[in-house]
1. Remind me, relative contact order of segment 52-201 in percent, using alpha carbon pairs under 8 angstrom and six or more residues apart?
2. Given the options 166, 133, 297, identify the residue whose Cα lies farthest towards the positive end of the charge dipole of the chain (+1 on Cβ of Lys, Arg; -1 on Cβ of Asp, Glu).
3. What residues from segment 18-40 fall in the zone where the backbone N is under 19 Å from a label point 7 Å along the Cα-to-C-beta line of residue 280?
4. Name the trypsin sites (Lys or Arg not before Pro) in segment 51-102 that are in a loop by DSSP and that have at most 12 other C-beta atoms within 10 Å, would you?
5. With a Förster radius of 25 Å, plug the Cβ-Cβ distance of residue 68 and residue 43 into 1/(1 + (r/R0)^6) and report the FRET value to the nearest 0.05.
6. Tell me the relative contact order for segment 1-123 as a rounded percent, counting alpha carbon contacts under 8 Å between residues six or more apart.
7. When ligands, DNA and RNA are left out and all protein chains stay put, how many square angstrom of accessible area per residue does segment 42-177 have with a 1.4 Å probe?
8. Rounded to the nearest 0.05, what FRET efficiency is calculated for residue 233 and residue 132 with R0 set to 22 Å and r the Cβ-Cβ distance?
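The values are calculated or read from the model by the stated rules, or taken from the named source; none is laboratory data. A quick note: this is a predicted structure, and the numbers were derived from the prediction, not measured. Reconstructed Cβ throughout: ideal geometry from the backbone, glycine too, with neighbour counts over all protein chains shown. When the accessible area is computed, the model is the full protein with side chains, heavy atoms only, and any ligands, DNA or RNA have been set aside. Shrake-Rupley method; radii C 1.70, N 1.55, O 1.52, S 1.80 Å.
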Amino acid sequence: MSWASLGRTLLGRLGGMLAVLSLVSVLVFLLTRLAAGDPIAVLLGDQASLEDIAQARQRYGLDQPLTSQFILWLGEVLKGNLGQSIFLQMPVTQVLLDRVEPTAWLAFLSVSLAMLIGVPCGIVSAVWRGRWIDQCVSTLAMLGASMPSFWMGLMVIQLLAVGAGWFPVSGYGDPGASWSMRIHHLMLPALVLGTLNSALIIRFTRASMLDILSEDYIRTARSKGLSESVVVLKHALLNALVPILTVLGLTLALMIGGAVVTETVFNLPGLGNLVVRAVLRRDYPVIQGALLAIAGVYVIINFVIDVMYVFVDPRVRHG
């Protein structure tokens, strides 16, 4: 594949990203509007008069047909304006920026921990296939894949926060807290997300390594007298990176969904907690803006993974 052909392929990926985001915007808008409950009724309370409700609906454009509301909202989104929060009385963009830091750090720590656990365990499980260590790793991976995140969150809070007192029970620290204190607050939720999501990385890494280790060039490398560590790490692992990168993108997507539950359990002021509160309040602009932003991050991650394929696997570039 020439670089020109590769460029056309990446442009096609960009077009696919735009198509996905367009579909997501339609689905997010429709599902938000079709959900039970009225944000104006929640905002004004039971004592509001019909006239007050009608004026509020007109002020936020909720009295217009759904088609008109969608066109107006999409037009503002294309201008970079996600609207105004009904309850917080702030631009949705500002609301998201205020909440993105805890979620971004949580995702970074969780992915790092998941990779540190998943890749080495997957390699060890593949190299010692069928032995007791392989059985132990596979069992732990199965447990991690089936364990609910909220249950594990409550367990680590009880054991490591309440019992041992090593970590804070919840929260993100005071407004003026240092970075080290912030990270200290995030260690338990990162442990939950990272440990649970490492199960998927273990299984993919093991399967990919088993396929590579059975190839003829691996047997040739061993017959040349190369050490097992060189064969595994230099020849096998490098050729198994493409599936591992794929599962990394999938893991990031799963963490975005898991952050909603985990941030609620640990009371973190992140995007996941924001979405939960916005749904309870029926704050349409915040729900739509947050979900659209999360979808945007997801498609960008997938695009970056596609680009990394080019540098990791020469067959993608020259094939």
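1. Numbers: 120 pairs, mean separation 41.3, N = 150.
Worked out over segment 52-201, it gives 28 percent.
2. 133
3. The answer is 35-40, whose backbone nitrogens lie closer than 19 Å to the label point.
4. On the way: sites: 57, 59, 79, 99; in loops: 79.
Passing sites in segment 51-102 are 79.
5. Plugging the Cβ-Cβ distance into 1/(1 + (r/R0)^6) gives 0.70.
6. On the way: 35 pairs, mean separation 14.6, N = 123.
Value for segment 1-123: 12 percent.
7. About 62 Å² of surface per residue is accessible.
8. According to the calculation, E is roughly 0.45.
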